[in-house]
Amino acid sequence: INIFCFNLNTENPILIEGEETNIFVLPNDTDGAQFIWDDGDTEPNRTVFPEAPATLYSVTVTYPNGCTRTAEKRLEAAPPEAQLPNAFIPNGPAPDNFFTPTINGALEVKSFEIYNRWGQLVYNNETPGTGWDGTFKGQPSASDVYLYQLVLVRFNGEEVVFRGNVTLIR
C-alpha cells in the first residue's frame, strides 16, 4: 500500500503549514479491508492540515484474510510567512499604492501597526483588506521611513511577529 498526497505526485511534497490537503491510500478499493490511521481515523481518504516542519502520517490496512500492511508518509510543511515591501508610493501605480503584507499560510492578522520616526502610531490595521494608504488622521504622511509591526497567529494559536521599516515615497 502507499499513501499519496492529492494533486502532488512528488515523494515528499512541500506544503504550507495549516493549509488543507487530502491524502489517500492506494489501493483503497479493497473489498472488506479496514483502515486505521495513527490518530484512529478509519477512512482511506482524509483531509489533513500538516504542521511545520513536517508531519508523519501512518495507516495500517487489515485485509479480510487477516494480512496487514502499514504505510507512512511524511509531509513537509513550510512555516507560514509574511512578505512586506520596503517602499511604496501612495496613489501611485498598483499594486504598490498601499502598504500591505502578502501572507502565505494559514495565518490570521492579529495586529498591523505603523509608526513614524517619533514613535507615533499612524496606522492600526484600520483597513485590513487593503493596508495603509500613506495617510495619518486623513492627511498625507510625509516621505519618510516608517516602522511596522505585524503580529500573525498561526493555526495552532502561536503568534509570529514581523518587524521592519518601509519608505513612503511621494
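Miscellaneous remarks
- Whenever a residue of the stretch 155-167 is closer than 22 Å to Ala87 by Cα and hydroxyl-bearing (Ser, Thr, Tyr), its partners that are in a strand (DSSP E or B) and open to solvent by 50 Å² or more (accessible area, probe 1.4 Å), lying with C-beta atoms within less than 6 angstrom and at least six residues away or across chains, give the pairs Thr167/Val145.
- Looking only at the stretch 25-50, residues that are in contact (Cβ under 8 Å) with a residue 24 or more places away in the chain and over 15 Å from Cys5 (Cα atoms) come to 7 in all.
- The residues of the stretch 88-134 that are of a type in the set (Ser, Thr, Tyr) and modelled with pLDDT under 95, listed by number, are Thr100, Thr102, Ser111, Thr127, Thr130.
- Close pairs from the stretch 107-122: first within 25 Å of Ile169 (Cβ to Cβ), partner polar (S, T, N, Q) and in a strand (DSSP E or B), Cβ under 6 Å, at least 6 apart: Glu113/Asn124; Glu113/Gln149
- Looking across the stretch 150-170, the residues that are hydrophobic (A, V, I, L, M, F, W, C) and either more than 11 Å from Ile114 (Cβ to Cβ) or exposed (fewer than 13 other Cβ atoms within 10 Å of the Cβ) (or both) come down to Val151, Leu152, Val153, Phe155, Val160, Val161, Phe162, Ile169.
- Enumerated strands (runs of 3 or more DSSP E) restricted to the stretch 85-149, each holding at least 2 residues that are under 27 Å from Ile16 (Cα atoms), out of contact with any helix residue (DSSP H, G or I) (no Cβ under 9 Å at 6 or more places or on another chain) and open to solvent by less than 70 Å² (accessible area, probe 1.4 Å): 102-104, 107-115
- Those residues of the stretch 57-66 which are farther than 10 Å from Ile3 by Cα and either open to solvent by less than 70 Å² (accessible area, probe 1.4 Å) or touching a residue at least 24 places away in the same chain (Cβ under 8 Å) (or both), in sequence order: Thr60, Val61, Thr62, Tyr63, Pro64, Gly66
- Subset of the stretch 22-63 [hydroxyl-bearing (Ser, Thr, Tyr), at pLDDT 85 or above and farther than 25 Å from Asn156 by Cα]: Thr60, Thr62, Tyr63
Yes/no matrix, rows are residues, columns are (1) among the polar types (S, T, N, Q); (2) touching a strand residue (DSSP E or B) at 6+ places or on another chain (Cβ under 6 Å); (3) under 30 Å from Val25 (Cβ atoms):
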| site | (1), (2), (3) |
| --- | --- |
| Arg74 | no, yes, yes |
| Ala77 | no, yes, yes |
| Phe99 | no, yes, no |
| Glu113 | no, yes, no |
| Gly134 | no, yes, no |
| Pro140 | no, no, no |
| Val153 | no, yes, no |
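- Taking each residue of the stretch 76-95 that is among the hydroxyl-bearing types (Ser, Thr, Tyr) and looking for partners that are at pLDDT 85 or above and open to solvent by less than 30 Å² (accessible area, probe 1.4 Å) with beta-carbon atoms closer than 9 Å, six or more apart or interchain, yields nothing.
The values are calculated or read from the model by the stated rules, or taken from the named source; none is laboratory data. Everything quoted here is computed from the prediction, not taken from an experiment. Ideal geometry is used to build each Cβ from the backbone, glycine not excepted, and the neighbour counts take in all protein chains shown. Accessible surface areas use protein heavy atoms only, side chains included; no ligands, DNA or RNA. Shrake-Rupley method; radii C 1.70, N 1.55, O 1.52, S 1.80 Å.
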